[in-house]
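K.L.:
Could you have a look at this structure, given as structure tokens, before my questions?
The values are calculated or read from the model by the stated rules, or taken from the named source; none is laboratory data. Worth saying up front: this structure is predicted, and the values here are computed from it rather than measured. As a convention, Cβ positions derive from the backbone with ideal geometry for all residues, glycine included, and neighbour counts pool all protein chains shown. Ligands, DNA and RNA are excluded from the accessible area calculation, which covers all protein heavy atoms including side chains. Shrake-Rupley method; radii C 1.70, N 1.55, O 1.52, S 1.80 Å.
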Amino acid sequence: MVKDFPSISYTILQMGKYDDNFVEESQELQYAEAEDDTEVVDGVVSVKEESSNKNGIQKRINRRDAARAAVEALTNEEIDGKKVQVYTAERKSDIW
């Protein structure tokens, strides 16, 4: 779809798992290039099961920080035109 409208700029944000109970609010936003070894299942960015070298680490973010990231993405030239993962904490996955 992006190729259909070359004059429109874009940024794709993959948010870490929302975790308001165990991820403190107002932490520094972390950005990482979207990796091929991740997958999004039910809105959660996590490491694919076959990528065992990451030991089931999952990126997480507080909902308010996710909203802040979406607003900041509108003016952040460093991520313009990219697909990035946004998170504030890394934790062991509760899926594994």
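K.L.:
Residues of segment 75-89 with amide nitrogen under 11 Å from the 7 Å Cα-to-Cβ point of Tyr10?
P.N.:
From segment 75-89, the list is 81-83.
K.L.:
Quick one: order Ser26, Ser7 from most to least accessible surface, probe 1.4 Å. Write down the numbers at each step before the final one.
P.N.:
Values: Ser26 90, Ser7 115 Å².
Highest to lowest solvent-accessible surface, that is Ser7, Ser26.
K.L.:
Top to bottom by accessible area (1.4 Å), largest first, where do Ile57, Ile79, Ile8 land?
P.N.:
On the way: Ile57 65, Ile79 10, Ile8 100 Å².
Result of the area sort, largest leading: Ile8, Ile57, Ile79.
K.L.:
Among Lys3, Lys82, what's the order by accessible area (1.4 angstrom probe), most exposed first?
P.N.:
On the way: Lys3 185, Lys82 75 Å².
The most accessible residue leads, giving Lys3, Lys82.
K.L.:
Same structure again: What figure, in Å² to the nearest 10, do you get for the accessible area of Thr11 with a 1.4 Å probe and non-protein molecules left out?
P.N.:
In the full protein context, Thr11 sits at about 40 Å².
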